[in-house]
Amino acid sequence: MITLKAALFDLDGVVFDTEGQYTDFYGAIGREFVPEEPNFAQLIKGRTLKEIYETWFSGKKEIQAQITERLDIFERNMDYRFIAGVLDFITMIRAAGVKTAVVTSSNKPKMASVLAARPDIQTLFDRILSAEDYAASKPAPDGYLKGAEVFGADPAQCAVFEDSINGLRAGRAAGCLVVGLTTTNPYDAVAQYADIIAPDFTALLGHPQFACVLPKTR
């Protein structure tokens, strides 16, 4: 049985209830620019903007510029609502001595929008790692391996909190304890890659399987 040293959180769909907003945004982008791919909004989840451009819009600088401009406006005006229970959950694990980090495929301009809207998240996390901090995005394990490294932890001492399939696969590939939230994908899809499954953080607050890996406090 491990004792948890660090908790590594994806951002959208895990800390913030934003995945539905992104699905709508990228659904519209897909219909306009990639009409032959009806599942475009799902395919790009967990991917960096750079990877999206390289995969679907390579060499199309004008389209990339249009999408970037629209995305910047969209992210500045998003509703950054917290996922149910996440504030109490992070408070609980930090009180137990667990380090916390955001590990996201979002880039620094997006994170600037997040911090402008929600400056309080800087009090929730010891580190915020964005797309520029590692070579390959999810489903590659690089981000979560970096998250373990910054806290001097073995990946097996880290819990990953994810909602996307690419993110869950990244946590599994990194060798972390994977906690899957069904905020974006159905239970059966998440269950293939997660060690613990919950609908949101309210269900994790008293979850016996998670409680047993927390450091014991006196």
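Restricted to the range 12-33, and to residues there that are part of a loop (DSSP other than H, G, I, E, B) and at pLDDT 95 or above, the residue that is surrounded by the most Cβ atoms within 10 Å (Cβ to Cβ) is V14. The residues of the range 95-120 that are more than 21 Å from T48 (Cα to Cα), of a type in the set (D, E, K, R) and touching a residue at least 24 places away in the same chain (Cβ under 8 Å), listed by number, are K99, R118. E51 meets all of the listed conditions (1) assigned to a loop (DSSP other than H, G, I, E, B); (2) of a type in the set (D, E); (3) under 29 Å from D126 (Cα atoms) but one, namely (1). If you go through the range 145-184 one residue at a time, how many are touching a Cys at 6+ places or on another chain (Cβ under 9 Å) and closer than 19 Å to G97 by Cα? Here the count works out to 11.
If you go through the range 114-141 and keep only what is part of a helix (DSSP H, G or I) and within 17 Å of F161 (Cβ to Cβ), you end up with V114, I121. Using the structure shown, decide if A203 is farther than 16 Å from V86 by Cα, surrounded by fewer than 19 Cβ atoms within 10 Å (Cβ to Cβ), modelled with pLDDT under 95 and not aromatic (F, W, Y). No, not satisfied.
Within the range 57-76, being at pLDDT 95 or above and among the hydrophobic types (A, V, I, L, M, F, W, C) holds for F57, I63, A65, I67.
Just to verify a result, which residue in the range 64-97, among those that are more than 18 Å from the chain's Cα centre (by Cα) and outside any helix (DSSP H, G or I), is nearest to P199 (Cα to Cα)? It comes out as A96.
Taking the criterion of being in contact (Cβ under 8 Å) with a residue 60 or more places away in the chain, within 13 Å of the chain's Cα centre (by Cα) and not in a helix (DSSP H, G or I), the residues of the range 156-196 that qualify are A159, V160, F161, E162, D163, S164, L181, T183, T184.
The values are calculated or read from the model by the stated rules, or taken from the named source; none is laboratory data. It should be emphasised that the depicted structure is a prediction, and the values quoted were computed from it without experimental measurement. Heads up, the Cβs are rebuilt from the backbone with ideal geometry, glycines too, and the neighbour counts pull from every protein chain shown.
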